[in-house]
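Just so it is clear, none of the values below were taken in a lab; they were calculated from the coordinates. Note that the structure is predicted; figures quoted are calculated from it, not measured. All Cβ positions, glycine included, derive from the backbone under ideal geometry; neighbour counts span all protein chains shown.
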Amino acid sequence: MQLIDGKVTSKEIRKEIAEEVKQLVATGAKQPHLAAILVGHDGGSESYVSGKMKACEEVGFKSSLIRFEDDVTEAELLAKVDELNNDADIDGFIVQLPLPKHISEDKVTDTIDPRKDVDGFHPINVGRMTIGMPAYISATPQGIMELLKRYEINTSGKHVVVIGRSNIVGRPMSILLSQKGNPGDSTVTVCHSRTAKLKEICLDADIIIAAIGAPGFVKGDMVKEGAVVIDVGTTRVKADDTKSGWRLKGDVLFDEVAPKCSFITPVPGGVGPMTITSLIINTLKSAKKEIYK
Ligand code: GUN
């Protein structure tokens, strides 16, 4: 069994990007610039956005954090989105989710210029990804594709079982892996809460991608010998023996499943560390005009 180390891979990619940025800037290009809009003071969102800003610094990007209080109106937020859409210095930006209930996340996402939508949430980017056009791909699916590539995991002709059908993980994962390419060319089954014979389907899987948000859902008796298991779960559960009082739990019962696997991602330290790096990859692509010429 080999661990897929997202922390190490993420560090490697950031080093490569930092090098590339140095060279870009040396040839006279402007510094890539990522902006983030943060509404309110939710602890999770604060720490996520702070990680994104720190990652920018690490790779030599410029970053801007734009803050609003919880009572910001939808119109004010949309006006800021419009301003960033038209700011030539900004290559990409994100609006950290979730937003307060009085603001429509769909409307905000829809207002972001798809050319600057480095989160890959805009319907145009989702649509382009779906039909295999160049597109910004959202952080988790892109991070998983990068791990599969860098660990040289053969996906061609393999049966991939994706557990979970969310718009930002399960669904895009199923589309990306069924497309032509490497990673890709897989035969994909999407499972969800209504799936019958889930255990039997999982037992046939060469690769399992668990993205349902149910801690320990995938047990040892659901996994074939030699399978590759990608655990996307990050549920916070109370713990007495950690400094924070919390522990991250994956969707996979690691101790039972890991001995049967050829490769497995741990939680924490697997898919998680790749997500912010995916955002950095997308921002660099925007600065280089790789997706929209
Ligand atoms: N909230 C949790 N994850 C994300 C993300 O990837 N992007 C944005 N914008 N908000 C989030």
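Could the peptides 267-274, 69-76, 163-170 be put in order, highest first, of the mean number of other beta-carbon atoms found within 10 Å of their residues?
267-274, 163-170, 69-76
Can you give the Rg and Dmax of the range 1-110 based on its C-alpha atoms, in angstrom?
16.4, 52
Taking every Cα atom in the range 150-203, find the radius of gyration and the maximum pairwise distance Dmax, and write them in Å.
In order Rg, Dmax, the Cα atoms of the range 150-203 give 11.4, 34 Å.
Suppose every K and R has +1 on its Cβ and every D and E has -1 on its Cβ; what is the size of the dipole of the range 1-121 about the Cα centre, in Debye to the nearest 20?
My answer is approximately 540 debye.
To the nearest 20 debye, what is the magnitude of the charge dipole of the chain about its Cα centre, counting +1 on the Cβ of each Lys and Arg and -1 on the Cβ of each Asp and Glu?
So the dipole magnitude of the chain works out to roughly 600 debye.
Can you tell me what share of the DSSP beta bridges in the chain is antiparallel? A percent to the nearest 5 is fine. Numbers along the way, then the final one.
Working: 4 of 33 bridges.
For the chain, the DSSP antiparallel bridge percentage is about 10.
Taking only the alpha-carbon atoms of the range 91-210, what semi-axes of the equivalent ellipsoid follow from 5 times the gyration tensor eigenvalues under a square root, in whole Å, largest first?
Rounded to whole Å, the semi-axes are 28, 18, 11.
Once all Cα-Cα distances of the range 49-132 are split into 5 Å bins that start at 0, what whole-number percent is in each one?
Using 5 Å bins, I get a P(r) of 3, 13, 23, 24, 21, 12, 4, 1 for the range 49-132.
Can you give the translational diffusion coefficient of the range 161-267 in µm²/s, computed by Stokes-Einstein from the Kirkwood radius over Cα pairs at 20 °C and 1.002 mPa s?
151 µm²/s
Using only the alpha-carbon atoms of the range 125-166 as identical scatterers, what base-10 log of I(q)/I(0) does the Debye formula give at q = 0.28, 0.32 Å⁻¹?
Debye intensities relative to I(0), on a log10 scale: -1.15, -1.09.
Under 10 Å, Cα contacts only: if you run a Gaussian network model on the chain, which one of L176, L77, L279 comes out with the highest mean-square fluctuation?
In the Gaussian network model the winner is L77.
What is the sum of charges, Lys and Arg at +1 and Asp and Glu at -1, for the other residues whose Cβ falls under 15 Å from the Cβ of S178?
+2
For the range 111-243, what is the charge dipole size about the Cα centre, in debye to the nearest 20, if Lys and Arg each add +1 at the Cβ and Asp and Glu each add -1 at the Cβ?
300 debye
How many angstrom separate the Cα center of the range 234-258 from the Cα center of the range 140-175?
Going from one Cα centre to the other spans 23 Å.
Just the ratio, please: alpha-carbon radius of gyration of the range 1-44 over 2.2 N^0.38 Å, N its number of residues.
1.74
Which residue fluctuates most in the GNM of the chain (Cα springs below 10 Å): V25, V190, V118?
Of V25, V190, V118, the Gaussian network model singles out V25 as fluctuating most.
Check every DSSP H run in the chain and write down those whose alpha carbon atoms cover 18 angstrom or more along the long axis and whose mean Kyte-Doolittle hydropathy is 0.5 or greater.
Membrane-span-like by this rule: 272-287.
Modelled label-to-label distance, V8 and A26, 7 Å Cα→beta-carbon offset: nm?
2.8 nm
Taking springs between alpha-carbon atoms closer than 10 angstrom, which of A55, A239, A258 fluctuates most in the Gaussian network model of the chain?
Residue with maximal mean-square fluctuation among A55, A239, A258: A239.
Can you give me the Rg/Rh ratio for the chain, using Cα atoms for both radii and the Kirkwood formula for Rh?
Rg/Rh: 0.97.
Going by C-beta contacts inside 10 Å, put D87, D5 in order with the fewest on the left.
Ordered by Cβ neighbours within 10 Å, fewest first: D87, D5.
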